1. Show the residue pairs that are 6+ apart or on different chains and have beta-carbon atoms under 8 Å apart, the first residue being within the range 256-282 and in a loop (DSSP other than H, G, I, E, B), the second being modelled with pLDDT of 65 or more and not β-branched (Val, Ile, Thr).
2. How many of the residues in the range 111-146 are under 19 Å from residue 75 (Cα atoms), over 21 Å from the mean Cα position of the chain (by Cα) and among the charged types (D, E, K, R)?
3. Does any residue of the range 81-89 turn out to be touching a residue at least 40 places away in the same chain (Cβ under 8 Å), assigned to a helix (DSSP H, G or I), buried (at least 21 other Cβ atoms within 10 Å of the Cβ) and not aromatic (Phe, Trp, Tyr)?
4. Being within 26 Å of the chain's Cα centre (by Cα) and closer than 27 Å to residue 137 by Cβ is the filter here; which residues of the range 174-193 pass it?
5. Taking the stated definitions as given, is residue 492 out of contact with any helix residue (DSSP H, G or I) (no Cβ under 7 Å at 6 or more places or on another chain) and under 30 Å from residue 418 (Cα atoms)?
6. Tell me whether the range 77-87 contains one or more residues that are farther than 27 Å from residue 347 by Cα and in contact with an Asp or Glu (Cβ under 7 Å, 6 or more places away or on another chain).
7. Checking the conditions here, which among 168, 241 is touching a residue at least 40 places away in the same chain (Cβ under 8 Å) and not hydrophobic (A, V, I, L, M, F, W, C)?
8. Taking the range 469-502 only, how many residues are more than 26 Å from the chain's Cα centre (by Cα) and under 14 Å from residue 449 (Cβ atoms)?
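The values are calculated or read from the model by the stated rules, or taken from the named source; none is laboratory data. No experiment lies behind these values; they were computed from the predicted model shown. Cβ coordinates were reconstructed from backbone atoms using ideal geometry, including for glycine residues, and neighbour counts include every protein chain displayed.
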Amino acid sequence: MILRRFIPAVFAVLFYSCIATAGPEVAFVPDNSIMVVRVNAKKLWGSDYGKAMLDLMKKAGPKAMEEMKARFVPDPTTVESATFFYIMPAQPGREPDFAVLVHLGKAVGEKEFFKSIPEGEVVKSGNGNMLVVNGLAFRLLSEGKVIAGGAPELVMKLGTNLPAAKGDLETYLKTEPVETVSLMVNYTIAPKEIGQFAPPPFLPLISGLKNLQAGFTMEKSMNVKLQVMYENETQAKGSLDAIRIFANMGLAQVQQQRKEFEKMVFSKKEGSLPSWMDFPEFMAGVMGLGFSNEVESLLKNPPIKVDGLRLTMNYTTPEISSNMAVPVLVGMLLPAVSKAREAAQRASSTNNLKMIGLAMHNYDATYNGFPPVAISDKKTGKPLLSWRVALLPYLDEDNLYRQFKLDEPWDSDHNMKLAAKMPKVYSHPIKNKSGDTKTHYRVFFGNGAFFDMNKPKKLRDITDGTSNTVLTVEAEEPVFWTKPEELPFDPKKDLPKLLTINGRITLGFGDGSVRSISANIKPETLKLLIQSNDGNPIPPLD
């Protein structure tokens, strides 16, 4: 998967870089960027945190370092800095596009870089080549010294077809950052209507807001600086009053949580003896109390002031030994990387289900009906090949579709050889490995489910509503993707196990939507979702 190669390179900014330069952000960050985040690796690794982290990693040994360089291109040790930015969408209601610029101390060749991500597809245009994989694009800029990654349409236009930053954003980008991490929010380009959707307590914070800049510096302690610019002094003062209100609300929450920590430290069952088995909970309570005291002190007297049009904050945490900070930082980073990988993999699987759903609707537009579970023998009705084969022309796999002998079973000598060519859309990003021929994307059929083995169904057959009817699922048990073997449905029997990831299952619906819901959904509710015309209402889902 892409994250196994690219995210480690990005996180190398946090692990290995020792030099950070301003970089050519001004040339590539467009003027309609609503938020920019910059990582200053030089500042990070010059701190006690960074030095201790590097010392710890060197103890892994030179072989481990060489293995890292050999597996990831570019060499993570050549990464100098990273700049992330988000673009205000041209059409209201769309999510902002994003991109990241990874600056390298040593140029990397396009062929070498693209080869390191074999899952990708090379797309050529007048602005050069880019590699597209799982909805993300990567392109080399500045003669191979900058890697741009993000939304394909945005990445292709960087530095050529987009207006360059100007005004406050240009000044921010031209200034070499002194903080470990800095960010700027360019609120002036946000639609004015956005304030209509803000809850009343938030209105003073965004009324007249021009831009926001923040910086985070890590030494023996962490320093946080914030500067918010408003159009006039009255608006700046109004935001300070609103922040004090929020601080009091937060203080009440912290004081409530403090009671829970106090129970962990001071409460014990009457007549019970001290036990080392209680030590982990006791220490968690002690740490929680210490954290609560620090946050409570901060909220009682927020280090925020107003000076003319500016609202500023400057806060420094208590000093923490780097020997203690490094394990804490590692403990925070590892779950973060894991969660980022899992989130991207879940998003990739969701995209697979969306593509399958769209292909089914395109099939329906052509044949006036959805594909049956199986491509069957026209004379005997014997199931030969899966519906997944029938969808190939609508998944940009028409060439593969033409190679199948549709009058032969899936396991014939000819068709069995094609099983090794399973399209990526049928490969689950978490469960499948490269070269797998079995898929977890399956459908229910029969006894009220939408699909039948040999009979095509039409949208009008879904009388319960397409948004309330499940078409595709991620099954726990995979099958050969060409085999016409699906999940028989019987409302009176237990359902087969669906694929559960982090306590959730993912379902594709008749309207083309994909939803992730709790795996603890009642079997009766799930059965109602599978049935397309039972007429029963669907209870609320999580």
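1. Once the first residue is in a loop (DSSP other than H, G, I, E, B) and sits in the range 256-282, its partners that are modelled with pLDDT of 65 or more and not β-branched (Val, Ile, Thr) give 268/278.
2. 5
3. Within the range 81-89, none of the residues are touching a residue at least 40 places away in the same chain (Cβ under 8 Å), assigned to a helix (DSSP H, G or I), buried (at least 21 other Cβ atoms within 10 Å of the Cβ) and not aromatic (Phe, Trp, Tyr).
4. Within the range 174-193, 181, 182, 183, 184, 185, 186, 189, 190, 191 meet the criteria.
5. No, not satisfied.
6. The answer is no; no qualifying residue exists.
7. Working: 241 fails: touching a residue at least 40 places away in the same chain (Cβ under 8 Å).
Within the list 168, 241, the selection yields 168.
8. So the answer is 11.
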